[in-house]
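My questions will all concern the structure given below.
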Amino acid sequence: MEPTETPARPQVSARAGRFTESVIREMTRLAMRHDAINLAQGFPDFAAPQAIKDAAVAAIQGDVNQYAITWGARSLRHALADKLARDYAMEIDPERQITVCCGATEAMISALLAVVNPGDEVVLFQPFYENYGPDCILAGAKPRLVTVKPTAELMWAYDPADLEAAFSERTRAVVINTPNNPTGKLFTQPELEHIAGLCQRWNAIAITDEIYEHIWYRDGDPERRHIPIATLPGMGDRTIMISGASKTYSVTGWRIGWCVASPELTGAIRKVHDFLTVGAPAPLQEAIAAALRFAPEFYQDLAERYEARRDETLAGLEAAGFRCFKPGGAYYIMTDIAQFGWPDDVAFARFLIERVGVAVVPGSSFYDDATLGAAQVRFCFAKRPETLTSACERLRAHSLQYPG
């Protein structure tokens with residue numbers, strides 16, 4: 001009997017077909033191709049602190065070059081526990097509640113894979129950092145979107161009724177990014193208390209991306225501060241707190257991040273992390289252990305320097321005709337481009353790269369529904385002052401109106 005021909009089938013999985021490559025990284029590649037100033041991808045163009053670099057070199061020269069403990073070097077975990085106690089009065093067991101990952105990006109997917117079952121729902125605030133959507137797909141979760149919208153004061157807020165409607169018995173987790181990328185929103189205590197109440201009502205887990213925890217701006221409000229939701233009553237055992245070294249210490253290429261959670265959740269996260277990446281780079285973990293013991297003045301100076309860059313960039317963008325949403329934290333500025341008349345944000349972003357020489361990120365990449373961001377683009381101001389000045393000069397020197 002002749003064998004039957006095997007029907008043709010796709011070589012790529014269905015899940016991989018449901019999302020695209022990173023738009024942010026694509027903008028960086030285009031910026032390099034056209035020699036544009038890169039205000040797209042969120043990395044500094046200035047040096048990391050010398051003390052961190054010295055500690056990394058010392059670790060390498062000291063032959064800390066083999067595997068660290070899978071869930072993180074002891075020195076790093078203990079330094080982090082001490083810092084959390086100092087900054088947020090959190091009592092964390094470094095042996096049972098901390099997992100060091102290959103950046104906050106790996107920490108997020110490890111957390112989702114550890115707690116979400118296929119078919120569960122995960123609440124996401126949009127606009128969101130572009131990884132969260134693919135992370136949900138990879139975990140088999142269904143996203144429930146809550147849109148955060150700019151207010152008349154050019155800040156960002158969500159409708160409490162929309163968030164309440166997104167929660168149900170199918171909700172497994174909510175992802176909270178504060179300070180937020182891309183909007184710069186710093187979630188307030190009343191907002192976090194509202195979210196905490198919903199998590200407790202529906203037995204859901206809060207997964208928090210706090211990578212920008214030290215980059216936020218008082219703007220004359222002495223009460224403003226970054227608040228980890230894990231510190232609120234009833235949330236210690238139902239929060240997975242994610243952060244990392246990349247943004248605070250200007251080492252985005254080192255890929256050192258972490259998850260802090262209850263021992264039960266940590267046990268699951270560690271198993272997933274082990275089989276995803278085995279472990280983060282050993283010598284760099286020692287360097288970050290040293291960085292975590294920097295004096296409080298380091299973090300105050302960090303925020304003040306970024307606030308100065310923010311204010312300079314806001315002034316430059318407004319002079320070029322952009323309507324800017326003033327960020328309360330992180331190092332991005334979302335802008336409204338409707339007044340320039342372009343058909344969509346992607347066309348405008350390509351025009352800026354190819355004709356003006358400034359790279360940005362199209363706003364649509366931060367939304368599940370691309371039309372919601374079709375009149376927005378994001379600028380990164382984690383750059384040297386002279387870089388920001390040059391970029392704003394290029395923007396002012398060109399007509400940004402749609403020529404069609």
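So if I check each of Arg255, Arg310, which one is open to solvent by 50 Å² or more (accessible area, probe 1.4 Å), under 18 Å from the mean Cα position of the chain (by Cα) and at pLDDT 95 or above?
Details: Arg310 fails: open to solvent by 50 Å² or more (accessible area, probe 1.4 Å).
Answer to the selection: Arg255.
Ok, one more. Thr239 - would you say it is buried (at least 18 other Cβ atoms within 10 Å of the Cβ), farther than 21 Å from Gln300 by Cα and of a type in the set (Ser, Thr, Tyr)? If you could, list the steps in order and put the result at the bottom.
Numbers: buried (at least 18 other Cβ atoms within 10 Å of the Cβ): yes; farther than 21 Å from Gln300 by Cα: yes; of a type in the set (Ser, Thr, Tyr): yes.
When the stated conditions are applied, Thr239 passes them.
Additional query: Mind listing whichever residues of the range 192-228 are within 21 Å of Lys83 (Cα to Cα), open to solvent by 20 Å² or more (accessible area, probe 1.4 Å) and touching a residue at least 60 places away in the same chain (Cβ under 8 Å)?
His214, Trp216, Arg224
If you don't mind, another one. For the range 168-189, name all the residues that are surrounded by fewer than 20 Cβ atoms within 10 Å (Cβ to Cβ) and not acidic (Asp, Glu).
Kept after step one, since they are surrounded by fewer than 20 Cβ atoms within 10 Å (Cβ to Cβ), are these residues of the range 168-189: 168-170, 188-189.
Once the filter is applied, which keeps residues that are surrounded by fewer than 20 Cβ atoms within 10 Å (Cβ to Cβ) and not acidic (Asp, Glu), the range 168-189 yields Ser168, Arg170, Thr188, Gln189.
Continuing with the same structure: With the structure loaded, tell me whether Tyr129 is surrounded by 15 or more Cβ atoms within 10 Å (Cβ to Cβ), in contact (Cβ under 8 Å) with a residue 60 or more places away in the chain and in a loop (DSSP other than H, G, I, E, B) or whether it fails that test.
On the way: surrounded by 15 or more Cβ atoms within 10 Å (Cβ to Cβ): yes; in contact (Cβ under 8 Å) with a residue 60 or more places away in the chain: yes; in a loop (DSSP other than H, G, I, E, B): yes.
Against the criterion (surrounded by 15 or more Cβ atoms within 10 Å (Cβ to Cβ), in contact (Cβ under 8 Å) with a residue 60 or more places away in the chain and in a loop (DSSP other than H, G, I, E, B)), Tyr129 qualifies.
Would you confirm, using the coordinates I've provided, whether Tyr249 is at pLDDT 95 or above, in a helix (DSSP H, G or I) and either surrounded by 22 or more Cβ atoms within 10 Å (Cβ to Cβ) or in contact with a Ser or Thr (Cβ under 6 Å, 6 or more places away or on another chain) (or both)? Working first, answer last.
Numbers: at pLDDT 95 or above: yes; in a helix (DSSP H, G or I): no; either surrounded by 22 or more Cβ atoms within 10 Å (Cβ to Cβ) or in contact with a Ser or Thr (Cβ under 6 Å, 6 or more places away or on another chain) (or both): yes.
So Tyr249 fails the test.
Could I ask something else about it? Please work out if Leu302 is open to solvent by less than 20 Å² (accessible area, probe 1.4 Å), without any contact (Cβ under 8 Å) to a residue 40 or more places away in the chain and either part of a helix (DSSP H, G or I) or hydrophobic (A, V, I, L, M, F, W, C) (or both). Lay out the reasoning, then the answer.
Values: open to solvent by less than 20 Å² (accessible area, probe 1.4 Å): yes; without any contact (Cβ under 8 Å) to a residue 40 or more places away in the chain: no; either part of a helix (DSSP H, G or I) or hydrophobic (A, V, I, L, M, F, W, C) (or both): yes.
Criteria not met by Leu302.
I would also like to ask the following. In the range 351-395, which residues are more than 27 Å from Ala48 (Cα to Cα), part of a strand (DSSP E or B) and open to solvent by less than 10 Å² (accessible area, probe 1.4 Å)?
Pro362, Val377 - these are the residues of the range 351-395 that are more than 27 Å from Ala48 (Cα to Cα), part of a strand (DSSP E or B) and open to solvent by less than 10 Å² (accessible area, probe 1.4 Å).
Sticking with this one: Looking at (1) touching a Phe, Trp or Tyr at 6+ places or on another chain (Cβ under 7 Å); (2) touching a residue at least 40 places away in the same chain (Cβ under 8 Å); (3) surrounded by fewer than 24 Cβ atoms within 10 Å (Cβ to Cβ); (4) not in a helix (DSSP H, G or I), which one does Val146 not meet, given that it meets all the others?
Val146 satisfies every listed condition except (2).
The values are calculated or read from the model by the stated rules, or taken from the named source; none is laboratory data. None of the values given here were measured: they were computed from a predicted structure. All Cβ positions, even for glycine, are placed from backbone atoms using ideal geometry, and neighbour counts span all protein chains on display. What goes into the accessible areas is simple: the full protein's heavy atoms, side chains included, and nothing from ligands, DNA or RNA. Shrake-Rupley method; radii C 1.70, N 1.55, O 1.52, S 1.80 Å.
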